[in-house]
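First the structure, in the form of structure tokens, and then the observations on it.
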Amino acid sequence: MKLSVQKIKSVNLDGYKMMMDKKQAQEICQKALSFVKEGQAEVTVTQTVSPLTRIANNTIHQNVATSDLSISLRVDIDGRSGRATANQSDDETLRNLARRAAGAARAITSRQELPPLMGSQPYREIKSYDQSSAEMEPEQRAEMVLKAVKLARTEKVELAGLVSNLAYHNAMANSNGLFAYHRISALTMEITARSGLAAGRHARMVRSPSQLDPEQLAGRAIQKCLGGVNPRALEPGEYTVVLEPEAVTTPLMFLSWLAFGALAVQENLSCLSGRLGQKLMGDNITISDDAYHPLAVWSEPFDSEGMPKKKVTIIDQGVARGPVYDLKTAAKDRTETTGHGLPQPNTFGPMPRNLVLEGGSVSLDEIIKSTKRGVLVTRFWYNRVVDRKTPIITGMTRDGTFLIEDGKISCGVKNMRFNQDLVEFFNNVETLGVPESQESMVVPPLKVNNFHFTGLTEA
Amino acid sequence: MKDLAQHALNVAEVAGASYADIRIINEDSERVEVKDGQVGSINRGASGGFGIRVIADGAWGFASSPKIDKSEIERVARLAVKVAKASARLKVHDLELAPVKKYIDKYVTPHKKNPLEVPLEEKIALLLKTDEIMRKVKGVNITESRIAAWVEDQLFASTIGSVIEQRIVQCGGGYAATAVKDGDVQYRSYPCSHGGQWESNGYEMIEALDFPGHAQQAAEEAVALLSAEQCPSGEKDIILEGSQLSLQIHESVGHPLELDRVFGSEANFAGTSFATTDHLDKLKYGSDIVTITSDPTCPKGLGSFGYDDEGVKAHQADLIRNGRLANYLSSRETAQKVGKASTGAMRADGWGNMPIVRMTCINLEPGTKSLEQIISETEDGIYMASNKSFSIDDRRSNFQFGTEIAWEIKKGKMGRMIKNATYTGFTPQFWNACDAIAGPGDWKIWGTANCGKGEPQQLARTAQGCSPARFRKMKIGVVPGKK
């Protein structure tokens, strides 16, 4: 039966107005914990509203407005732990949640090595919420796309990409009195400009729409695309590369999960294993994990155990100082957690989330000018681990790869495959530029010598 | 629920939708991990919600919510239309969809034992027993194993009049032993890597895998790899074991033949495809013996279902027939652009995501010879098994794969063990170099539990069926390693 217009209630379409605030989050946490009748418990309540407007062929081809709630409950009974998740907060669901988590714990017959549930903690404030990005409307995102596409049509290129805003609220509490709450909002715009087989990309994640100029962003992508038409093929071999910050996030991301967590070090799987205190990388390399860095757009002041995040210097002027810890790995090494735990218990160990590579004072353009011959890389793609311990990764260049000759970009080049030892990489960094924000990381552009390109592709 | 679904469609139409569909889903899941003699973690998940997809003013809109009640249904239906109208500001022309029949139907994955009803104690005991066998092997440092299961109940309804209920039952698992010595790390998995084997099936599939029966061999091979020869560099004939070949199919056939990708939908993220539509019916994608189909009716296939997420009934479709590009994985929208019917490949990751073109079960038809025969007829080659690394360019052409283990083949016989085996190539040249495919006796459907695509990113469970096959003169040993 069809309804007439008059019979449909006028409803508030905005999902954002239904987002929980700190008080409501705490109430849900307390209610969830109240249904746990045995042992200790910890609950995490996360709500996200994440609309995304997607672009292909200069049109909006997919446009979604999604929201979700996640309630994850851990119950520890006599040294055994079970976890259950749900996405509803009514009493019946929370009661079932407690029953399922406790049932999982009781199914385990022997004790596990479980980290404790800690009590109340002090947290540093991180200002990471802006209402203007949290509550963007579909029309506002479409307007940003329109501006970018207008420019593309003038330049006769096609755009793909996205505009997405995100509101994220995260609360956790446990039966020992811990309560933590944080919220983040962000706006992301990514543009890939295409002309035939040539492509160019630029992307930004910012706190508020006022920090993002769609035309400027699209303009950079378009300029790269047009500069890459009729690319040359380079022979595989060792090259000096100039990496834009987005490309620099790739080696750092792999080090973050392969090498910089304490469990990998303890299991002798990390390139840091047995090398703490030793010179591992170049003198000019200092890598830390710092959730409080002012340029980090995505960061939280506590980890998934509710422990406050600490700044950790992992590599200090090339010397391996130490990994990040969670409660369990810290106890094994008789040290303190650094606040980098994932939801417990887990088999993965702690992981850095906000890597910062200290940079210098030169711009990307100045680095290019200082390069006699090299390859400028926008980003790396489909990167995978080839050798876990060394570590060696492989991947491709993509969306804007250029030859630099005598300090100038001379032409586009066909995308190339690399296989690269990451420790060797960080021993071959010649120049570090001015750092900039890359979502959760802060990284500079780099000039790196002896980078291994092992193959190339047709475009 | 059906009343709510119908109400959603009505509200969407009154708000201005010319087409609407809704999926109301509840998914229960469970994952058990064991590591180094202890239960590592147990997670029991439940997620419910609905997603409404509409066409309004000639463009798509989508909205979703975890809250399933009348007022929320109305809000989200109207929001989907609002989103569509915003999209329409940039449309070049109105959307057109290939036709689909109306279906009133139910489908349940064939299975005997619901994996979520098998007691946790039984799963834990199985994994701990397997773990213990691996840890007894000297030289093994780390042991990991897991079992996971998902049961999804979906109600689909559309303004075409379809009402389809499906229950998809999936599970699987696997394990790995890792050995570390002198700066070298090697591991061996069973039944395959990246977490294990996954099927649309009941718990009986885990029982059939006989975890404990293969644990010692996996552990011994991990240790043996430490002292195995490094993969040589050069050009060799390679024979790919089934699970490795299944990932090759996934990366170099399944993905490039997703028609939305061919049309540029993924250009910002997953990439495009070299197999553009001007190649349809023309491109010699592989040798004459290569025939690959999409078949979501395939028994046990992790990519199998009754109907796709826009109500197209599951059916088999040629993708490559006797080496020639014959069709694509498609949706109603993309199929219409090439003048064909949808191959029924629209799938969404849960209720909260919009369906996009995905792999189903992508199957390489078997050959005639046995694997033993193919090996015996190989003069100088390498047999590579169990994927370790995989990388391919954004047009799905240049690839590089690595495997956990390999063996030299000399004069038709398997010889010394090789570690860190890698090979590289270009997709059409690779498939045209296929000169032998093992027969039905060696054919198996392999599951890929976490295929990523889309923005926001979605994970899909897909499958690829194949027998081992030989490829002539491939470039191997592309990454120099330690001795």
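Picking from residues in segment B:236-269 that are away from every other protein chain (no Cβ under 14 Å) and in a strand (DSSP E or B), the one that is nearest to residue A:203 (Cα to Cα) is B:240. Inclusion of residue A:143 among residues that are in contact (Cβ under 8 Å) with a residue 24 or more places away in the chain and acidic (Asp, Glu) is not warranted.
Give me the residue from segment B:62-74 that is of a type in the set (Ser, Thr, Tyr) and either under 13 Å from residue A:67 (Cα atoms) or under 32 Å from the mean Cα position of the chain (by Cα) (or both) and, out of that set, surrounded by the fewest Cβ atoms within 10 Å (Cβ to Cβ).
Going through the qualifying residues, I end up with B:65.
Just one of the numbered conditions (1) outside any strand (DSSP E or B); (2) without any contact (Cβ under 8 Å) to a residue 12 or more places away in the chain is not true of residue B:185: (1). Checking each residue in segment A:357-368 for being surrounded by 21 or more Cβ atoms within 10 Å (Cβ to Cβ) and closer than 22 Å to residue A:258 by Cβ picks out only A:357.
One residue is enough: does segment B:342-353 have a residue meeting the conditions farther than 21 Å from residue B:19 by Cβ, within 14 Å of another protein chain (Cβ to nearest Cβ) and under 15 Å from the mean Cα position of the chain (by Cα)? Yes, segment B:342-353 contains a residue that is farther than 21 Å from residue B:19 by Cβ, within 14 Å of another protein chain (Cβ to nearest Cβ) and under 15 Å from the mean Cα position of the chain (by Cα).
With respect to (1) out of contact with any Gly (no Cβ under 7 Å at 6 or more places or on another chain); (2) within 14 Å of another protein chain (Cβ to nearest Cβ); (3) at pLDDT 95 or above, the lone exception for residue B:474 is condition (1).
So which of A:83, A:111 ends up being out of contact with any strand residue (DSSP E or B) (no Cβ under 6 Å at 6 or more places or on another chain) and within 12 Å of chain B (Cβ to nearest Cβ)?
One residue alone meets the criteria, A:111.
Residues that are out of contact with any Phe, Trp or Tyr (no Cβ under 7 Å at 6 or more places or on another chain), assigned to a strand (DSSP E or B), free of Cβ contacts under 8 Å to residues at least 40 places away in the same chain and closer than 26 Å to residue A:273 by Cβ are absent from segment A:423-430.
Does residue A:124 qualify as being within 30 Å of residue A:227 (Cβ to Cβ) and at pLDDT 95 or above?
It is false that residue A:124 is within 30 Å of residue A:227 (Cβ to Cβ) and at pLDDT 95 or above.
Residues are listed down the side, and each one gets a yes or a no for (1) modelled with pLDDT of 95 or more; (2) buried (at least 23 other Cβ atoms within 10 Å of the Cβ); (3) of a type in the set (Ser, Thr, Tyr); (4) not in a helix (DSSP H, G or I):
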| position | (1), (2), (3), (4) |
| --- | --- |
| A:249 | yes, no, yes, no |
| A:288 | yes, no, yes, yes |
| A:298 | yes, no, no, yes |
| A:329 | yes, yes, yes, no |
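Sort out which residues of segment A:369-406 are away from chain B (no Cβ under 12 Å), crowded, with 19+ Cβ neighbours inside 10 Å and in a loop (DSSP other than H, G, I, E, B), and write them in order of number. Correct list: A:371 only. Kindly establish whether residue A:347 is farther than 15 Å from residue A:423 by Cβ, of a type in the set (Val, Ile, Thr) and in contact with a helix residue (DSSP H, G or I) (Cβ under 8 Å, 6 or more places away or on another chain). The answer is no for residue A:347. Taking residue B:151 as the residue in question, decide whether it is in a strand (DSSP E or B) and either within 13 Å of chain A (Cβ to nearest Cβ) or touching a strand residue (DSSP E or B) at 6+ places or on another chain (Cβ under 6 Å) (or both). The answer is yes for residue B:151.
Of note, residue B:462 satisfies the criterion of being more than 14 Å from chain A (Cβ to nearest Cβ), in contact (Cβ under 8 Å) with a residue 60 or more places away in the chain, of a type in the set (Val, Ile, Thr) and in a strand (DSSP E or B).
Among B:46, B:77, B:59, which is at the interface with another protein chain (Cβ under 10 Å from one of its Cβ atoms), without any contact (Cβ under 8 Å) to a residue 60 or more places away in the chain and surrounded by 20 or more Cβ atoms within 10 Å (Cβ to Cβ)?
B:59
Of all residues in segment B:83-98 being in contact (Cβ under 8 Å) with a residue 60 or more places away in the chain and surrounded by fewer than 23 Cβ atoms within 10 Å (Cβ to Cβ), which is farthest from the other protein chains (Cβ to nearest Cβ)? Only one residue tops the list, namely B:98. Taking the listed residues A:272, A:295, A:276, the one that is within 14 Å of chain B (Cβ to nearest Cβ) and either charged (D, E, K, R) or at negative phi (or both) is A:272, with no other qualifying. Checked against the criterion of being surrounded by fewer than 19 Cβ atoms within 10 Å (Cβ to Cβ) and part of a loop (DSSP other than H, G, I, E, B), segment B:118-125 has at least one qualifying residue. Looking at segment A:15-55, which of its residues are among the β-branched types (Val, Ile, Thr), within 25 Å of residue B:56 (Cβ to Cβ) and assigned to a helix (DSSP H, G or I)? Result: no residue meets the conditions. Can you tell me which residue is nearest to residue A:116 (Cα to Cα) among those in segment A:342-368 that are assigned to a loop (DSSP other than H, G, I, E, B) and either in contact with a Cys (Cβ under 7 Å, 6 or more places away or on another chain) or among the aliphatic types (A, V, I, L, M) (or both)? Among those residues, the one meeting the criterion is A:342. Counting the residues of segment B:264-307 that are closer than 21 Å to residue B:167 by Cα and in contact with a Phe, Trp or Tyr (Cβ under 6 Å, 6 or more places away or on another chain) gives 3.
For segment B:442-465, the criterion of a residue being in contact with a strand residue (DSSP E or B) (Cβ under 6 Å, 6 or more places away or on another chain), among the aliphatic types (A, V, I, L, M) and under 19 Å from residue A:395 (Cα atoms) is satisfied by no position.
In segment B:391-405, the residue that is nearest to residue A:382 (Cα to Cα) out of those that are facing another protein chain (nearest Cβ under 7 Å), assigned to a strand (DSSP E or B) and touching a residue at least 60 places away in the same chain (Cβ under 8 Å) is B:392. Go through the residues of segment B:447-456 one by one and say whether even a single one is modelled with pLDDT of 95 or more, assigned to a strand (DSSP E or B) and more than 30 Å from residue A:50 (Cβ to Cβ). Looking through segment B:447-456, none of the residues is modelled with pLDDT of 95 or more, assigned to a strand (DSSP E or B) and more than 30 Å from residue A:50 (Cβ to Cβ).
Of a type outside the set (S, T, N, Q) and either in a helix (DSSP H, G or I) or modelled with pLDDT under 95 (or both) - does that describe any residue in segment B:36-54? There is no residue in segment B:36-54 that is of a type outside the set (S, T, N, Q) and either in a helix (DSSP H, G or I) or modelled with pLDDT under 95 (or both). Looking only at segment A:410-437, residues that are of a type outside the set (D, E, K, R) and either under 25 Å from residue B:395 (Cβ atoms) or within 14 Å of chain B (Cβ to nearest Cβ) (or both) come to 11 in all.
The values are calculated or read from the model by the stated rules, or taken from the named source; none is laboratory data. Note that the structure is a prediction, hence the values are computed from the model and not measured. As a convention, Cβ positions derive from the backbone with ideal geometry for all residues, glycine included, and neighbour counts pool all protein chains shown.
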